[in-house]
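Visitor: Could you have a look at this structure, given as structure tokens, before my questions?
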Amino acid sequence: MIEQRHTPVTLEETAVQELAARTRGTLLRPGDVGYEQARAVYNGMINKRPALIACCVDVADVIASVNFAREHQLALAVRGGGHNGPGLGTCDDGLVIDLSSMKGIRVDPVARTVRVEGGCTWGEVDHATHPFGLATPSGLISTTGVGGLTLGGGIGYLARTCGLTIDNLLGVDMVLADGSFVTANSNDHADLFWAVRGGGGNFGVVTSFLFRLHSISTVYGGPMLWPIAQVRDVMKFWRDFILQAPEEINGWFGFVTVPPAPPFPEQFHLQKMCVIVWCYSGALEQAEEAFQPIRASIPPTVDFAGPIPWSVLQSLFDALYPKGLQWYWKTDFFTDLSDKAIELYLKYGAQLPTMFSTMHLYPINGAVHHVGASDTAFSFREANFAEVIVGVDPDPANNERMIGWARDYWLALHPYSSGGGYINMMMDEGTDSVQAAYRDNYARLAQIKARYDPGNLFHVNQNIKPAR
Ligand SMILES: Cc1cc2nc3c(=O)[nH]c(=O)nc-3n(C[C@H](O)[C@H](O)[C@H](O)COP(=O)(O)OP(=O)(O)OC[C@H]3O[C@@H](n4cnc5c(N)ncnc54)[C@H](O)[C@@H]3O)c2cc1C
């Protein structure tokens, strides 16, 4: 099999017209009304100009677009929610399959499952499932796409309780590189189903996902904040607490700059503080009791934790992070957080370079550990914490400063890490980082890639090269 050329080619007008005739969704080219808006992704640092954007509305559109990209040797990018840090939902000169019009969601309250089309965001899924008192684990910002977040693993508020998003994935419908359509689950194309649970967009276009739902409706959660001066105590308490807490308690740790707006008390506006954002999904009448030891051991300076609808918790930070800001990401997994590492967290956390920049540590023990390291493509099952350091700001003039901060922070902590990071929270760092993220699972992923996409048509992602 010859590897795709992926070089810009001049497209013949008749070929483009043919594709337009074969698709029901809009086909956009530079200069078309709507092209500039359609090419923009979430990260304002990304500025790519595809030759064609196929706004697919159904599986037939996706099949036609995949075939077109392969036949014309075009670079092919697939966009779900467009939130990817390095902008892997778009490309220069090639064809973008934009799934954002594929918004179908069907809840089956009896089977407790939800079927979600590839262009949905998590907010849309929550909207559909919440009236049934049901939810599936996702992330922390509801505008994030279901597609990319799921295919990379999915770390969120419910990780300790229900596992990663992929641990609740029951099956996918996919269009493969040869244009064929398959359903992959634990019975059919089980190898493919193993690979898409963590292996990213390497294996084809997922046109719909089937998720297991849980009885999650109103939870007890929200942020608690402490001054930077107390970080050492708070972080050590949180580390020890979360390593042995009941699985219905989730709480991620972060460094933040308090936004200058309600509901934050004015005296803390623009102060650097540390935060734990909780999500307890056990019996609500026992919540106060569950939080009593936390409030007694490290009394919070600002305490917003209380009963909150799941869909509200999920969208609590959406307004703070609108589309178009500059984002630079670094990531690692950790099994232990030594006191020495905590000192380094404190050092760099106190130097957040801009108001939007932050560092989060997500606990990924509990239910995430119920699944083995080789049971899905997501390898770091023994890790207890996922770290993400993000430089964020509206003004590109601050990029150099915030990128420098993020790199220095990451470099200082990396020696204490497990050696690889979360593919959904890295930039375009190349093959070594991708291999480090998958460790022993990489060779198996490369074999499956060779079976389903030997020409590496789907290469605009954290790319797994087909085994030779
Ligand atoms: C503000 C913000 C908050 C975040 N919070 C979390 C979080 O809490 N937890 C977490 O785990 N991650 C989180 N992330 C990271 C997120 O998981 C990744 O950015 C992810 O890539 C976003 O998916 P998307 O569909 O929106 O992105 P896109 O840019 O559309 O796609 C990302 C990648 O996935 C592929 N892809 C997307 N959909 C499909 C599909 N249907 N079929 C095949 N390939 C597809 C694309 O080709 C691309 O390679 C966050 C990101 C942002 C910007």
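Visitor: Based on this model, can you work out whether ALA467 counts as assigned to a loop (DSSP other than H, G, I, E, B) and more than 19 Å from ILE155 (Cβ to Cβ)?
Guide: yes
Visitor: Among the residues in the stretch 403-421, are any within 14 Å of the ligand (Cβ to nearest atom), touching a residue at least 60 places away in the same chain (Cβ under 8 Å) and not basic (Lys, Arg)?
Guide: yes
Visitor: For GLN230, work out the one condition from (1) crowded, with 18+ Cβ neighbours inside 10 Å; (2) over 27 Å from TRP310 (Cα atoms); (3) in contact with a Cys (Cβ under 9 Å, 6 or more places away or on another chain) it doesn't fulfil.
Guide: (1)
Residue-wise test of (1) within 26 Å of ARG70 (Cβ to Cβ); (2) under 19 Å from the mean Cα position of the chain (by Cα); (3) within 12 Å of the ligand (Cβ to nearest atom); (4) of a type in the set (Val, Ile, Thr).
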{"site": "ASP428", "(1), (2), (3), (4)": "yes, yes, yes, no"}
{"site": "ALA436", "(1), (2), (3), (4)": "no, yes, no, no"}
{"site": "ASP453", "(1), (2), (3), (4)": "yes, no, yes, no"}
{"site": "ASN461", "(1), (2), (3), (4)": "yes, yes, yes, no"}
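Visitor: Within the stretch 23-40, can you find the residues that are of a type in the set (A, V, I, L, M), touching a residue at least 60 places away in the same chain (Cβ under 8 Å) and assigned to a loop (DSSP other than H, G, I, E, B)?
Guide: Result: ALA40, single match.
Visitor: While we're here: Looking only at residues that are of a type in the set (S, T, N, Q) and part of a loop (DSSP other than H, G, I, E, B) in the stretch 412-427, which one is surrounded by the fewest Cβ atoms within 10 Å (Cβ to Cβ)?
Guide: My answer is SER418.
Visitor: Of all the residues that make up the stretch 380-411, how many are within 22 Å of the chain's Cα centre (by Cα) and outside any helix (DSSP H, G or I)?
Guide: Of the residues in that region, 15 qualify.
Visitor: What pairs can you find where one residue is in the stretch 388-402 and farther than 18 Å from LYS323 by Cβ and touching a residue at least 60 places away in the same chain (Cβ under 8 Å), the other is among the hydrophobic types (A, V, I, L, M, F, W, C) and surrounded by fewer than 22 Cβ atoms within 10 Å (Cβ to Cβ), and their Cβ atoms are less than 6 Å apart, with a gap of 6+ or different chains?
Guide: ILE389/TRP410
Visitor: Now, a different point. For ASP61, which of the numbered conditions (1) part of a loop (DSSP other than H, G, I, E, B); (2) surrounded by 16 or more Cβ atoms within 10 Å (Cβ to Cβ) fails to hold?
Guide: Looking at each condition in turn, ASP61 falls short on (1).
Visitor: Looking only at residues that are assigned to a strand (DSSP E or B) and near the ligand (Cβ under 8 Å from one of its atoms) in the stretch 74-101, which one is farthest from VAL59 (Cα to Cα)?
Guide: For the stretch 74-101, the residue satisfying everything is ALA77.
Visitor: Can we say THR183 is surrounded by 17 or more Cβ atoms within 10 Å (Cβ to Cβ), of a type in the set (Val, Ile, Thr) and either under 22 Å from LYS465 (Cβ atoms) or within 16 Å of the ligand (Cβ to nearest atom) (or both)?
Guide: So THR183 fails the test.
Visitor: Pull up the stretch 111-152, narrow it to residues that are of a type in the set (A, V, I, L, M), crowded, with 24+ Cβ neighbours inside 10 Å and away from the ligand (no atom under 13 Å from the Cβ), then point me to the one that is nearest to the chain's Cα centre (by Cα).
Guide: Going through the qualifying residues, I end up with ALA135.
Visitor: While we're here: Among the residues of the stretch 428-464, write down those that are over 14 Å from LEU192 (Cα atoms), outside any loop (DSSP other than H, G, I, E, B) and touching a Lys or Arg at 6+ places or on another chain (Cβ under 8 Å).
Guide: Answer for the stretch 428-464, where residues must be over 14 Å from LEU192 (Cα atoms), outside any loop (DSSP other than H, G, I, E, B) and touching a Lys or Arg at 6+ places or on another chain (Cβ under 8 Å): just THR431.
Visitor: Go through (1) in a loop (DSSP other than H, G, I, E, B); (2) modelled with pLDDT of 95 or more; (3) within 27 Å of the chain's Cα centre (by Cα); (4) not basic (Lys, Arg) one by one and return the number of the condition ILE53 breaks.
Guide: Only one criterion is unmet by ILE53, namely (1).
The values are calculated or read from the model by the stated rules, or taken from the named source; none is laboratory data. In this text, all values refer to a predicted model and were calculated from it rather than measured experimentally. A quick note on method: Cβ atoms are made from the backbone with ideal geometry, for glycine too, and the neighbour counts reach across all protein chains shown.
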